[in-house]
Amino acid sequence: MEWAGEATVIARRKHGENAVILTALTREAGLIRGVVPGGASVRRAAMLQPGNRVALRWRARLDDQLGSFAAEPARARPGLMADADALAGLNAVAALVPWALPERDPHPRLADATEALLDEIDAGAPWAERYLRWELVLLDELGFGLALDRCAVSGAHEGLAYVSPKTGHAVTAAAAGDWAPRLIPLPGPLGGTTGGLAEALALTSHFLDRMAAAHIGKPMPAARARLSQRLARGLGRPEISRGPGQRPGPAAP
């Protein structure tokens with residue numbers, strides 16, 4: 001079995017004296033792992049930093065084997081290590097991707113969204129909104145997508161105020177009626193009228209927890225909670241600014 005193409009390094013761990021086991025996210029093959037001989041050397045270790053793009057060739061005798069990588073540099077992202085906020089963003093992405101995705105299960109849309117997010121962090125651009133949209137893509141790709149553009153009861157696009165904690169569908173205040181105390185307020189960054197980024201991340205966290213309980217069987221990585229706290233406090237990055245009732249735009253590509 002053989003695969004070749006570009007990928008983003010998600011994780012690496014030492015294997016024996018000189019090798020590493022590399023985890024990489026590809027658009028075509030999904031999340032793949034393999035041994036990189038000599039990957040623990042100083043020169044190779046710099047190339048195999050999480051977040052960097054690499055050109056890989058994966059080979060294995062059988063499809064279910066770990067296999068081995070031949071790796072060459074494609075594009076470094078030094079900005080991912082530029083400050084504590086950028087590193088926290090990288091750590092959250094690098095923890096959530098292998099937590100959520102099974103190996104060798106392609107999700108091109110999520111791979112594209114991951115590349116766009118890491119590029120913005122690397123460039124030092126404001127990326128809080130991109131990260132929130134990335135979590136929405138992750139949920140959608142794993143079957144827990146939120147429907148926040150119209151009321152599940154009336155079909156209305158305006159006046160959305162709540163989200164069902166079970167279905168992830170938006171509801172207007174009028175349609176919620178007596179059920180409102182049982183629903184989650186729709187945060188401003190996602191088209192509601194109250195709350196900010198902290199509340200938006202709490203909403204996505206709720207559905208990530210539901211996804212964990214239903215399919216993954218282990219809690220969310222601690223790196224995600226640490227990033228959520230940083231973004232909610234607005235450390236080093238502007239928070240999302242939307243007017244009351246403004247509907248969310250399309251998810252990040």
Q) Within segment 10-22, is there a residue that is assigned to a loop (DSSP other than H, G, I, E, B) and of a type in the set (A, V, I, L, M)? A) no
(Q) What pairs come out if I take residues in segment 49-61 that are among the polar types (S, T, N, Q) and pair them with residues that are in a strand (DSSP E or B) and at pLDDT 95 or above whose C-beta lies under 6 Å away, six or more apart or interchain? (A) Asn52/Val9
Q. Is there a residue being open to solvent by less than 60 Å² (accessible area, probe 1.4 Å), at positive phi, among the small types (Gly, Ala, Ser) and out of contact with any Lys or Arg (no Cβ under 7 Å at 6 or more places or on another chain) anywhere in segment 194-211?
A. yes
Q) What residue, of Leu136, Leu117, Leu110, Leu146, is open to solvent by less than 10 Å² (accessible area, probe 1.4 Å), in contact (Cβ under 8 Å) with a residue 60 or more places away in the chain and not aromatic (Phe, Trp, Tyr)? A) Leu117
(Q) Only one of Leu56, Leu96 is open to solvent by less than 20 Å² (accessible area, probe 1.4 Å) and part of a strand (DSSP E or B). Can you tell me which? (A) Leu56
Q.
Given the criterion without any contact (Cβ under 8 Å) to a residue 40 or more places away in the chain, within 23 Å of Glu115 (Cα to Cα), of a type outside the set (D, E, K, R) and out of contact with any Leu (no Cβ under 9 Å at 6 or more places or on another chain), identify the matching residue among Ala46, Ala29, Ala19.
A. Ala46
Q: Run down Ala74, Ala70 and say which single residue is open to solvent by 20 Å² or more (accessible area, probe 1.4 Å), under 20 Å from Ala111 (Cα atoms) and not in a helix (DSSP H, G or I).
A: Ala74
Q: Could you check Gly51 against (1) part of a loop (DSSP other than H, G, I, E, B); (2) crowded, with 21+ Cβ neighbours inside 10 Å; (3) more than 16 Å from the chain's Cα centre (by Cα) and say which number it fails?
A: (3)
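The values are calculated or read from the model by the stated rules, or taken from the named source; none is laboratory data. Since we're looking at a predicted model, the values are computed, not measured. Note that each Cβ is placed from the backbone with ideal geometry, even for glycine, and that neighbours are counted across all protein chains shown. The area values use the complete protein model at the heavy-atom level, side chains included, leaving out ligands, DNA and RNA. Shrake-Rupley method; radii C 1.70, N 1.55, O 1.52, S 1.80 Å.
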